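The values are calculated or read from the model by the stated rules, or taken from the named source; none is laboratory data. Keep in mind that what you see is a predicted model, and the values were worked out from it rather than measured. Methodologically, a virtual Cβ is constructed for each residue, glycine included, from the backbone with ideal geometry; neighbour enumeration extends over all protein chains shown. Note: areas computed on protein heavy atoms with side chains; ligands, DNA, RNA excluded. Shrake-Rupley method; radii C 1.70, N 1.55, O 1.52, S 1.80 Å.
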Amino acid sequence: MAGTARILPAAAAALLLLLCIAGGARAANVTYDHRALVIDGVRRVLVSGSIHYPRSTPDMWPGLIQKAKDGGLDVIETYVFWDIHEPVRGQYDFEGRKDLAAFVKTVADAGLYVHLRIGPYVCAEWNYGGFPLWLHFIPGIKFRTDNEPFKAEMQRFTAKVVDTMKGAGLYASQGGPIILSQIENEYGNIDSAYGAPGKAYMRWAAGMAVSLDTGVPWVMCQQADAPDPLINTCNGFYCDQFTPNSAAKPKMWTENWSGWFLSFGGAVPYRPVEDLAFAVARFYQRGGTFQNYYMYHGGTNLDRSSGGPFIATSYDYDAPIDEYGLVRQPKWGHLRDVHKAIKLCEPALIATDPSYTSLGPNVEAAVYKVGSVCAAFLANIDGQSDKTVTFNGKMYRLPAWSVSILPDCKNVVLNTAQINSQTTGSEMRYLESSNVASDGSFVTPELAVSDWSYAIEPVGITKDNALTKAGLMEQINTTADASDFLWYSTSITVKGDEPYLNGSQSNLAVNSLGHVLQVYINGKIAGSAQGSASSSLISWQKPIELVPGKNKIDLLSATVGLSNYGAFFDLVGAGITGPVKLSGLNGALDLSSAEWTYQIGLRGEDLHLYDPSEASPEWVSANAYPINHPLIWYKTKFTPPAGDDPVAIDFTGMGKGEAWVNGQSIGRYWPTNLAPQSGCVNSCNYRGAYSSSKCLKKCGQPSQTLYHVPRSFLQPGSNDLVLFEHFGGDPSKISFVMRQTGSVCAQVSEAHPAQIDSWSSQQPMQRYGPALRLECPKEGQVISSVKFASFGTPSGTCGSYSHGECSSTQALSIVQEACIGVSSCSVPVSSNYFGNPCTGVTKSLAVEAACS
């Protein structure tokens, strides 16, 4: 796939991209050489971001993709999710959120490229790693190894995806936007567990992919021995030290983790943008030319799509575009500036290889120079100390853990630790559903909610198709994941002299592979237990009260997403596999091999109680309804808020369950699952290597209380909300909220580079100087007030700024004059503008404003 490349200026290359994609008809030749992907003979420096089409809705796609483009992306990367496209073997579904071709066309309409990661194993914190459960039941099958039944199914689905894309003319070789495809996924992380058959499978997968003749290169991520012509690529928090396995292949980064995923029972992880920007700049500094954010927009695990187990419904990932589709500032804006800086260097980056020079301990310069074209990166990889260095006879200050980018080898256009972008304070505004506000005043309700109806989910076996069998059965092999729930039911007869009795009591012990257990004795709940993301195993025991005669023991096991990662993850089980024992002072009764009756799923699921279009006599409408009652369905009608602000439901007051809006599942909710009390930090220092546990927030609080309701799920007028509550709660306590942008803020110092848009090779940036820029987030808004302005030594963060010992008395009036009444404003950060409130100190300007 290697080729000889010519070099075009960055502006011309960008124009070529638009002409190729927007024109839609002209085929492009995509190859690669040792430096970069080569499109129509032109090496390209590309910035990519992951947006998974089923984690949002088709009406969200254009806005998400446009925000990605505005953020400086060239490529959208997505997995292909086998389980949603082939839920039944041989029956395909490419409709609605599953319309892959429509998603790819939407990307093309925006003038961007696509990297299609077919897999078809995807991991992605997705249920069962994206594999359909029916695959597990094919006779003789072994996943992801040299196994003929598996390879046949994998090739059939991969070919189906490729043929679907070809049929829509979506490969670059056909004039479409797809410039890359991926086969397999992070297999090199675990292939040693499969031995020689694993290596044979990997080579087969590579050959199979190439044989499909897509006309574009294929990649394998985290596969150091990926065979030619496939490109092996890197995944991780940092990939600057990665080297491809051939001198003929480019250095590519398929997953730069922009944050981390959230688990039920875990604290909320986040990644400071200064560290993320540092990682990006280091990658391009060290010879990389293709970098992808995983995720750029994470979205929502709708339905029962989350994996894990215990992956939360929110897949926000601390991405530059948040779960609701709003840009996260300053992450989105600062990365946009980084991308602009990288693109200014593109003529030099594609022209040659870098040369490296040490400028002192932990300080490195990388220079790309051909003739008069020159670009440089100065990196301070010290995690603690700032450095001042001399480069080409000029002094440069480098904050700790930062990279300065010099598109002309002279002037700093950006430093990754110095943020010029604004911060926006997103807030959740709770909607009034009553005409009496919390302060006692009368208001017009923003949300009309009717009374609740309810339906009791019966305990134990109620279906005619229940299965009776001796011994305990593993859950996934029994349910095929048709439902989260599996009932285990047995009974014993008590005469009164049994050795496992202590009077009328006996100690019941239940051991389960997970994930959640409820124990019912004679129809009444006796206790519950749950596993965790670190271990799903459950060991429950408690004294129970038995009565003379027949006693019924009903155990309800529930899964919370199936395993999605690791060697042989597909064989990880769930449910009650024993032992189950009754014990007393004089002996024990092992029920593990007794006769058990099994019921897959809930009666309410079979009756489609979640679907408001299907009337059911099960529903009870009454002035009062049961609360804190396990196993109960609730239903109400509501009128949604007007406008286009994202909507969510706060499930505080409920226990655990699933919710449907107009028959569409918004996912599992679990607001009672709390994060550990320890492990969080008040302020995370971006300096030094990041890990998924470094920066955590919301310790001791629910992992997730807010659950996104996509606007396309809502309809004008009356809407139906149905809940299945597993543990017990009070639906009157849930709230509807809208996600809105509150304040816009920025803080820029005299030491910052100028705003990147002021860069010109003919007019160096130092002639402009640093400036603070604010912009209202929504079209039609203007800055209506300035809440805070200070030039000097202000401290704090957006929403909590305070004046320092040094502060200009003119700052507020100057900023008000420059900004109020306009949609955006730019204010120079200079003593020449504000006066000099203190000498010998590097001063900064901090502003908080409101838009309306």
Of the conditions (1) in contact (Cβ under 8 Å) with a residue 60 or more places away in the chain; (2) open to solvent by less than 10 Å² (accessible area, probe 1.4 Å); (3) over 19 Å from the mean Cα position of the chain (by Cα), the single one that ARG117 does not satisfy is (3)
Scanning the range 270-299 residue by residue, those open to solvent by 10 Å² or more (accessible area, probe 1.4 Å) and closer than 25 Å to ALA648 by Cα turn out to be TYR270
Matching residues in the range 666-692 (in contact with a strand residue (DSSP E or B) (Cβ under 9 Å, 6 or more places away or on another chain) and at positive phi) number 2
Could you check, for the range 610-619, whether at least one of its residues is assigned to a loop (DSSP other than H, G, I, E, B) and crowded, with 18+ Cβ neighbours inside 10 Å?
yes
Can you find even one residue in the range 581-590 that is at pLDDT 95 or above, surrounded by fewer than 16 Cβ atoms within 10 Å (Cβ to Cβ), of a type in the set (S, T, N, Q) and within 22 Å of ALA470 (Cβ to Cβ)?
no
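For (1) part of a loop (DSSP other than H, G, I, E, B); (2) closer than 28 Å to GLN715 by Cβ, each residue gets a yes or a no:
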| residue | (1), (2) |
| --- | --- |
| ASP59 | yes, yes |
| GLN66 | no, yes |
| LYS69 | no, no |
| LEU73 | yes, no |
| ASP93 | yes, yes |
| ALA108 | no, no |
| GLY111 | yes, no |
Restricted to the range 693-733 and to residues being open to solvent by 30 Å² or more (accessible area, probe 1.4 Å), in contact with a strand residue (DSSP E or B) (Cβ under 6 Å, 6 or more places away or on another chain) and in a loop (DSSP other than H, G, I, E, B), the residue nearest to PRO330 (Cα to Cα) is LYS698
Within the range 488-544, of all residues that are touching a residue at least 60 places away in the same chain (Cβ under 8 Å) and on the phi > 0 side of the Ramachandran plot, the one most open to solvent (accessible area, probe 1.4 Å) is GLY523
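Can you pull out the residues in the range 193-208 that are touching a residue at least 60 places away in the same chain (Cβ under 8 Å) and out of contact with any Lys or Arg (no Cβ under 9 Å at 6 or more places or on another chain)?
ALA193
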When (1) over 20 Å from the mean Cα position of the chain (by Cα); (2) under 25 Å from SER483 (Cβ atoms) are applied to GLY717, the one that fails is (2)
Scanning the range 547-556 residue by residue, those of a type outside the set (Gly, Ala, Ser) and open to solvent by 10 Å² or more (accessible area, probe 1.4 Å) turn out to be VAL547, PRO548, LYS550, LYS552
Expected single match for modelled with pLDDT under 95, buried (at least 24 other Cβ atoms within 10 Å of the Cβ) and within 30 Å of the chain's Cα centre (by Cα) among THR416, THR424 is THR424
Restricting attention to the range 182-213, the residues that are in contact with a Leu (Cβ under 8 Å, 6 or more places away or on another chain), open to solvent by less than 30 Å² (accessible area, probe 1.4 Å) and part of a helix (DSSP H, G or I) number exactly 2
Looking across the range 55-82 at residues that are of a type in the set (D, E, K, R) and free of Cβ contacts under 8 Å to residues at least 60 places away in the same chain, the single one that is surrounded by the most Cβ atoms within 10 Å (Cβ to Cβ) is ASP74
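So how many residues does the range 658-676 have that are closer than 23 Å to GLN715 by Cβ and open to solvent by 10 Å² or more (accessible area, probe 1.4 Å)? Before you say what the answer is, go through the steps one by one.
To start, the set of residues in the range 658-676 that are closer than 23 Å to GLN715 by Cβ comprises 658-667, 669.
Now drop any that are not open to solvent by 10 Å² or more (accessible area, probe 1.4 Å), which leaves 658, 660, 662-664.
Counting residues in the range 658-676 that are closer than 23 Å to GLN715 by Cβ and open to solvent by 10 Å² or more (accessible area, probe 1.4 Å) gives 5.
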Regarding the range 461-471, can at least one residue be identified that is in a loop (DSSP other than H, G, I, E, B), at pLDDT 95 or above and among the β-branched types (Val, Ile, Thr)?
yes
When restricted to THR797, THR809, the only residue within 18 Å of THR423 (Cα to Cα), of a type in the set (Ser, Thr, Tyr) and open to solvent by 50 Å² or more (accessible area, probe 1.4 Å) is THR797
Those residues of the range 490-546 which are among the hydroxyl-bearing types (Ser, Thr, Tyr) and either over 30 Å from ASN564 (Cβ atoms) or not assigned by the TED database to the domain that holds ALA574 (or both) amount to THR490, SER491, THR493, TYR500, SER504, SER506, TYR520
Only one of ILE525, ILE544, ILE553, ILE576 is of a type outside the set (S, T, N, Q) and not in a strand (DSSP E or B), namely ILE576
Checked the range 651-684 for anything assigned to a strand (DSSP E or B) and touching a Lys or Arg at 6+ places or on another chain (Cβ under 9 Å); matches are THR652, MET654, GLY657, GLU658, ALA659, SER665, GLY667, ARG668, TYR669
